[in-house]
Ligand code: 3HC
Ligand code: NAI
């Protein structure tokens, strides 16, 4: 609702719809009623609109989308029209976040005030739609088309000070917002509102609009990676040079197009799933969940290993205000890490944050920390040695976490006397940037330990997802079938750049080979050597070249590593790189290596379509997701989707692999394609459809119904 009150000549409308004051139907109705009441009351000479509680309205009620409530009158456009055409000055007083429809309400008002901490923006593009309550028409009239395109297509929030310099906000007020807003409203009473109506202004430099759009088009399309909302936003902004009513009509037409596309519900699903993962439950025992398990308080963290991951994790922890003891065995590496951390922390708070960091080379210095995150080399023997030491030196209640990318948490826990306090906390590189935290519970991990790892994720701003223990956990396990199929495609005739192009056109930021070069081709190689699938000099003795333990195996990645081509760090991997450049250039040496291999093993090169590449790489990955759900490694399909959206660059506009499988491809079609491919390649185990998928197609079940995400 919106609470109506008067303070002398000022009517105050306070939106009260926790938690974010979104424009649910009852709020819209109350606003229209309040405005009418204020207009009718001769004692009222000005109106203030603000939000109660933590924020100014953060936009339309996304939960209403697709339901009757969203279109129930009055709609948001009618509310904003009433504000814009009100004969008494309307002042929006902003605190918290004025987003989407909330920011559009502010733009429809005659004056805007903000507290210094306020932020505002039009993030609709992230929901697969556009600012459809006049945002694409009013914002360019204030800031010009170029800035409007930048703000709307990025969905970025800006701070009050920037809004002031862009002319969006009229004044920044300190102190009590209500008091300041009422006093400001009084000061503008009686002034004509006509020249304050943004809708009546013209766009600055309107004659240059086509030029500006043309200049922005390429970058926007590249960044959109297949999402249709960004360019549709631009089309709507382009119409702002038309008379206001005509521009609004164009905005409505384009909004209807986006609202009915398949991408908008996918992105809204992603929005809610990102929040839903916080309501975790134990995949195997639903009685253990975010409500029943209480986290321990974490104030200090030990980080063991100051390499790529340990460094990133430390930055992340310090940024969140935690105390960190960073331990490393290599002094040179420790110094390097400290320097990098110092450089990365923002100038403003670097020294205060650095004062929270202690460096150590002696394990006993970890004695008092609340949790330790181990990030030493991916080697089981070493991890066990480290955990034995940690168990011996830390206080009994300290939680011991491993950042392993796929080793067995139970095996690590077994060397300690506190297996209930051992958990996996799998960060993604760069750890201070990537939002995903895959938390892995072991057989004996206690609910309290799980809750602490999940809470730590929240504290440090991560999207934490709880999963079970299996080789590679959820993310890397699914990725395994994707990368395996990508190299099989090379055998058959594709070149690395063909595979990468198809996957990037689907929407990933990088295809598997460019990604391999970036992270280092030797990461997988070391893993295969550790598993005895290969040696540093080729296949183990008496091993058939194309099979390992009964499964099809492609040794091309091993051959690449044996040539010393370890990726960008060696200037060559699947591609070659000019010195100092990260641009992947196709390399005749690699193409020849692949061609010789095909000849040696009797593969006949054929042309492979982009569609086949995408299906062959992504369908087995999704299929593995079904196995994971079947085994109870992930509780809900949305947990898998969030892992892929936040850790692996899966394009957000498709909702994530499991959402995409069900709502875009269709489970029946997915099963049919997997059956076709597995008939063609009977020895590619990951193409064999999962029993769960077969069962769901046969019985007509839905993925949402499998977990607790049925309300989405
Ligand atoms: N509608 C419905 N529910 C919303 C919502 C919205 N616009 N925004 C947030 N929520 C819900 C969240 O789902 C969450 O619910 P939960 O507690 O049940 O999980 C709760 O509010 C709190 O949200 P957060 O956990 O995200 O809280 P934060 O404090 O971290 O962030 C926020 C607050 C910055 C406002 C963030 O929620 C956000 O970015 N919200 C979305 C804003 C947005 O996209 N607005 C545009 C909407 S579309 C629109 O306005 C169309 C118009 O142009 C016509
Ligand atoms: P790294 O090689 O960059 O760093 C490991 C560090 O551990 C080195 O600095 C080394 O000196 C130190 N170290 C070795 N033994 C030690 C000991 N006994 N005590 C203290 N320090 C010791 O490795 P990276 O890449 O940071 O990986 C660390 C862990 O994180 C591995 O388990 C890896 O699988 C995992 N991981 C790596 C990711 C990546 O992209 N690099 C992503 C996610 C997880």
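The values are calculated or read from the model by the stated rules, or taken from the named source; none is laboratory data. None of the values given here were measured: they were computed from a predicted structure. FYI the Cβ positions are ideal-geometry reconstructions off the backbone, even for glycines, and counts take in every protein chain you see.
Conditions (1) within 21 Å of residue 220 (Cβ to Cβ); (2) in contact with a helix residue (DSSP H, G or I) (Cβ under 7 Å, 6 or more places away or on another chain); (3) without any contact (Cβ under 8 Å) to a residue 40 or more places away in the chain; (4) part of a loop (DSSP other than H, G, I, E, B), marked per residue:
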{"position": "83", "(1), (2), (3), (4)": "no, yes, no, no"}
{"position": "93", "(1), (2), (3), (4)": "no, yes, no, no"}
{"position": "102", "(1), (2), (3), (4)": "no, no, no, no"}
{"position": "105", "(1), (2), (3), (4)": "no, yes, no, no"}
{"position": "113", "(1), (2), (3), (4)": "no, yes, no, no"}
{"position": "120", "(1), (2), (3), (4)": "no, yes, no, no"}
{"position": "133", "(1), (2), (3), (4)": "no, yes, no, yes"}
{"position": "136", "(1), (2), (3), (4)": "yes, yes, no, no"}
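Only one of the numbered conditions (1) part of a helix (DSSP H, G or I); (2) loosely packed, with under 14 Cβ neighbours inside 10 Å; (3) without any contact (Cβ under 8 Å) to a residue 24 or more places away in the chain is violated by residue 147, and that is (2).
Being over 31 Å from the mean Cα position of the chain (by Cα) and either assigned by TED's automatic domain parsing to the domain that holds residue 364 or surrounded by 16 or more Cβ atoms within 10 Å (Cβ to Cβ) (or both) narrows it down to one of 392, 401, 413, so name that one.
Values: 401 fails: over 31 Å from the mean Cα position of the chain (by Cα); 413 fails: over 31 Å from the mean Cα position of the chain (by Cα).
392 is the lone residue from the list that is over 31 Å from the mean Cα position of the chain (by Cα) and either assigned by TED's automatic domain parsing to the domain that holds residue 364 or surrounded by 16 or more Cβ atoms within 10 Å (Cβ to Cβ) (or both).
Is there a residue being over 20 Å from the mean Cα position of the chain (by Cα), within 23 Å of residue 133 (Cβ to Cβ) and more than 16 Å from ligand 1 (Cβ to nearest atom) anywhere in region 285-292? Within region 285-292 (the criterion being over 20 Å from the mean Cα position of the chain (by Cα), within 23 Å of residue 133 (Cβ to Cβ) and more than 16 Å from ligand 1 (Cβ to nearest atom)), the answer is no, since none of the residues qualifies. In region 339-366, the qualifying residues are those that are out of contact with any helix residue (DSSP H, G or I) (no Cβ under 8 Å at 6 or more places or on another chain) and more than 18 Å from residue 299 (Cα to Cα), and the one that is farthest from ligand 1 (Cβ to nearest atom) is 362.
List the helices (runs of 4 or more DSSP H) inside region 258-351, counting only whole elements, that have at least 2 residues being touching a residue at least 60 places away in the same chain (Cβ under 8 Å). Steps first, please.
Values: elements: 263-276, 308-319, 331-344.
Where helices (runs of 4 or more DSSP H) fall fully within region 258-351 and carry at least 2 residues being touching a residue at least 60 places away in the same chain (Cβ under 8 Å), they are 263-276, 308-319.
Only helices (runs of 4 or more DSSP H) whose full extent lies in region 631-712 are considered here, and the ones with at least 3 residues that are touching a residue at least 12 places away in the same chain (Cβ under 8 Å) and within 18 Å of the chain's Cα centre (by Cα) are 637-647. When you go through 52, 88 one by one, which is the residue that is under 30 Å from the mean Cα position of the chain (by Cα), more than 12 Å from ligand 1 (Cβ to nearest atom) and under 25 Å from residue 186 (Cα atoms)? Going through 52, 88 in turn, just one is under 30 Å from the mean Cα position of the chain (by Cα), more than 12 Å from ligand 1 (Cβ to nearest atom) and under 25 Å from residue 186 (Cα atoms): 52.
Taken over region 165-177, the criterion of being surrounded by fewer than 18 Cβ atoms within 10 Å (Cβ to Cβ) and either in a helix (DSSP H, G or I) or on the phi > 0 side of the Ramachandran plot (or both) is satisfied by 165, 167, 175.
Taking the listed residues 445, 425, the one that is under 28 Å from residue 630 (Cα atoms), within 13 Å of ligand 2 (Cβ to nearest atom) and outside any helix (DSSP H, G or I) is 425, with no other qualifying. The condition (being free of Cβ contacts under 8 Å to residues at least 40 places away in the same chain, under 23 Å from residue 456 (Cβ atoms), within 16 Å of ligand 2 (Cβ to nearest atom) and surrounded by fewer than 18 Cβ atoms within 10 Å (Cβ to Cβ)) is satisfied by just one residue among 381, 367: 367.
Can you pull out the residues in region 14-26 that are surrounded by fewer than 24 Cβ atoms within 10 Å (Cβ to Cβ) and more than 11 Å from ligand 1 (Cβ to nearest atom)? Reasoning before the result, please.
So the first thing to find is which residues in region 14-26 are surrounded by fewer than 24 Cβ atoms within 10 Å (Cβ to Cβ), and the list is 14, 16-20, 22, 24-26.
Once the filter is applied, which keeps residues that are surrounded by fewer than 24 Cβ atoms within 10 Å (Cβ to Cβ) and more than 11 Å from ligand 1 (Cβ to nearest atom), region 14-26 yields 14, 16, 25, 26.
Just give me the residues in region 274-284 being in contact with a strand residue (DSSP E or B) (Cβ under 8 Å, 6 or more places away or on another chain), within 16 Å of ligand 1 (Cβ to nearest atom) and more than 23 Å from residue 397 (Cβ to Cβ), in sequence order. Write out each step before concluding.
We begin by selecting, within region 274-284, every residue in contact with a strand residue (DSSP E or B) (Cβ under 8 Å, 6 or more places away or on another chain); these are 274, 277-283.
From what is left, the residues that are within 16 Å of ligand 1 (Cβ to nearest atom) are 274, 277-281.
Answer for region 274-284, where residues must be in contact with a strand residue (DSSP E or B) (Cβ under 8 Å, 6 or more places away or on another chain), within 16 Å of ligand 1 (Cβ to nearest atom) and more than 23 Å from residue 397 (Cβ to Cβ): 274, 277, 278, 279, 281.
Would you check if residue 432 is surrounded by 22 or more Cβ atoms within 10 Å (Cβ to Cβ), within 14 Å of ligand 2 (Cβ to nearest atom) and under 23 Å from the mean Cα position of the chain (by Cα)? Here the answer is no, as residue 432 does not meet what is asked.
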